[in-house]
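Since every read-out is calculated from the coordinates, none of them should be taken as a lab result. Worth saying up front: this structure is predicted, and the values here are computed from it rather than measured. Cβ placement follows ideal geometry from the backbone for every residue including glycine, while neighbour counts extend to all protein chains displayed.
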Amino acid sequence: MTTGVEIRAQIDADTIKALLLINGGAAVALLALLPYVLTRAHLHYFGKLIMFALLLYQVALLCAVISNRLRRICSLEYEKAGMRPSPCTFFGLTLSGPCVCIRGTVFMWMSVIFFLLAGLTVFAGGITVPVQNDPLVGSASVLG
């Protein structure tokens, strides 16, 4: 029978996998779109926004990897302290767990935030793209 600790560890592992999947998948999707956008002169600004979003997705991926590494160190911290590690203190405030665990959680949320920022960047750029006739796509195209 699995314990609560094992179940929570599996949920944490699945969360990191999901962050890697959504950020990596979004980056690949934008990379596939980029050649089309960069070959259209009127979409160059949108292409720059896509490249900026790609950078944000890379930062989000890096944050997810760092979070996973810190999560492993957090697990070792709990094991070393017999499942009762001393809590982190930050500016005189006592937090709920060890500092390394708090940092891991912060990096996990940073990955989510960078994912959202990248998506909003592409969305904001995409709604400003003028609709024009594109011979490659057929009649009017939102992308160009």
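Worth a mention:
- Dipole-positive endmost among Leu76, Pro130, Pro35 within the chain (Cβ charges, Cα centre): Leu76
- Sites Leu33 and Glu6, calculated FRET efficiency, Cβ-Cβ separation with R0 41 Å, nearest 0.05: 0.50
- Each of Pro85, Leu21, Ile7 was placed along the dipole of the stretch 4-141 (beta-carbon charges, centred on the mean Cα), and the one lying farthest toward the positive end is Pro85.
- Cα-based helix-to-principal-axis angle, 99-126 vs the chain, degrees rounded to 10: 10 degrees
- Relative contact order for the stretch 4-141, counting Cα pairs under 8 Å that sit 6 or more residues apart, in percent: 27 percent
- Listed as lacking a disulfide-compatible partner in the chain: Cys63, by the criterion of no other cysteine Cβ under 4.7 Å.
- In plain terms, if you count all Cα to Cα distances in the stretch 1-102 and split them into 5 Å steps from zero, the share in each step is 2, 11, 15, 15, 13, 11, 9, 7, 6, 5, 3, 1, 0 percent.
- Tensor-based shape of the stretch 44-98 (alpha-carbon gyration tensor, a/c under 1.5 rounded, otherwise prolate or oblate): oblate
- The magnitude of the dipole of the chain, with charges of +1 and -1 set on the Cβ of Lys/Arg and Asp/Glu and taken from the Cα centre, is near 260 debye.
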